[in-house]
1. Label region 241-322 by shape, choosing from rounded, prolate and oblate, from the square roots a ≥ b ≥ c of the eigenvalues of the Cα gyration tensor; if a/c is under 1.5 it is rounded, and otherwise prolate applies when a/b is larger than b/c, oblate when it is not.
2. How many nm is it between the label spots at Glu246 and Ala305, if each spot is 7 Å from the Cα in line with the beta carbon?
3. Residues with amide H under 5 Å of Val213's amide H, sequence separation 5 or more or different chain, H placed in the peptide plane at 1.01 Å from N; which?
4. Within 10 Å of each residue's Cβ, count the other Cβ atoms and sort Cys176, Cys254 from fewest upward.
5. Which residues' amide hydrogens lie under 5 Å from the amide hydrogen of His144, considering only partners 5 or more residues apart or on another chain, with H built in the peptide plane?
6. What whole-number volume per residue, in cubic angstrom, does the convex hull of the C-alpha atoms of region 145-283 give?
7. What is the distance, in nm, between label points placed 7 Å from the Cα along the Cα-to-Cβ direction at Leu57 and at Ser155?
8. Under the Karplus relation 6.51 cos²θ - 1.76 cosθ + 1.60, θ = phi - 60°, what is the ordered set of whole-Hz ³J(HN,Hα) values for region 136-147, x standing for Gly and Pro?
Amino acid sequence: MKVLSFPRRLGACRPRSPIPIGLGLLGLGALSLNPLNPETFRVLRGVHDLRAPAALLRATALELAILAGHVLLYPTGLTAEHPVRPGAAPSEGPGAEDPLAGAPAPTPLGGPPGGADHPPVVLLHGFVDNRSVFVLLRRSLARHGWRHLECLNHSPLTPDIRAAAALLGTQIEAICARTGRSEVDIVGHSLGGLIARYYIQCLGGDLRVRTLVTLGTPHSGTTVAPLASAHPVVRQMRPGSGLIEELRGPAPGCRTRFVSFWSDLDQLMVPIETARIEHPDLITENVQVSGVGHLAMPVHPAVAAGIRRALEENDSTDPAPDVLPVVPPTAERSN
């Protein structure tokens with residue numbers, strides 16, 4: 001299992017400017033960020049790094065600072081972004097210009113390994129959040145050679161993860177048509193990762209999605225934040241829900257590779273191991289993030305570097321884009 005560790009001094013990873021970050025899986029349950037909350041310490045019981053509460057206090061302070069920064073920029077992500085025009089030059093596509101920051105993204109540092117072209121990357125936010133959560137991650141990917149980046153919004157009024165997953169499938173078909181690619185990669189934070197997993201595992205999305213990277217996603221369900229449990233989507237994210245049990249079912253022949261980033265200080269994952277993917281039929285890799293909370297995962301530079309590495313691992317073995325077959329979403333899986 002891979003482990004990513006981060007500086008213990010808060011100043012080493014403090015945001016230098018207001019950072020857009022998602023309200024997270026259960027933003028309405030912000031009381032769970034209270035370091036004095038007994039539930040918080042129950043979540044973290046047994047974590048080797050908590051010989052003293054200092055690590056928890058630092059992580060909580062960073063979480064609250066990031067949340068405050070995102071409140072300022074949250075309105076900028078309410079509207080859908082403009083899609084790539086077919087045949088657009090690199091400077092015209094997503095990732096070349098950041099509509100939230102209002103300025104061109106940095107010049108790419110170079111192409112992917114071996115000169116391969118990255119497939120499009122779709123970014124999916126968490127519960128009651130929007131695409132503004134991914135400003136820094138998007139710019140990081142653009143700087144390192146990704147040309148097709150699209151942030152999708154899903155409505156907080158959506159009553160069913162299954163419906164959101166079906167809509168995601170329609171959106172991915174449109175992205176493939178615009179870019180001329182047969183596959184995409186997905187990065188999903190919190191609820192976004194669960195929506196993407198349901199699309200891949202239960203709706204045949206493994207024919208379209210090469211790699212799914214999840215950040216703090218409750219793959220086995222989370223029991224945190226009873227204040228938000230009235231929302232039907234939150235109930236679907238609890239352990240033992242019909243949707244969670246459906247994801248536990250067989251998934252023979254699933255082609256997608258799953259990479260799950262989970263943190264020992266994720267206060268919204270109860271228990272913390274729920275953010276790991278454990279399924280005998282899936283190609284999985286779990287990466288432990290040490291010392292970073294739920295809200296910080298999409299914006300931390302070391303996590304961004306880990307995401308880039310996860311997305312690059314298939315590039316050297318993939319065929320050239322112009323010879324990839326376009327697979328219809330209704331085609332049967334083959335083992």
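FYI, it's all coordinate maths here, none of it is from the lab. Everything numeric here is computed off the predicted structure, so don't read it as measured data. Positions of Cβ are generated from backbone atoms using ideal geometry, with glycine treated the same way; all protein chains shown enter the neighbour counts.
1. It comes out oblate by the Cα gyration axes.
2. With each label point 7 Å from Cα toward Cβ, the separation is 3.9 nm.
3. Those lying under 5 Å, H to H, from Val213 are Ile186, Val187, Gly188, Val259.
4. Fewest-to-most ranking of Cys176, Cys254: Cys176, Cys254.
5. Those qualifying (amide H under 5 Å, at least 5 residues apart or on another chain) are Leu109.
6. Value for region 145-283: 111 Å³ per residue.
7. Going by the 7 Å Cα→Cβ label model, 4.5 nm.
8. 6, 5, 4, 5, 5, 5, 4, 4, 9, x, 6, 9
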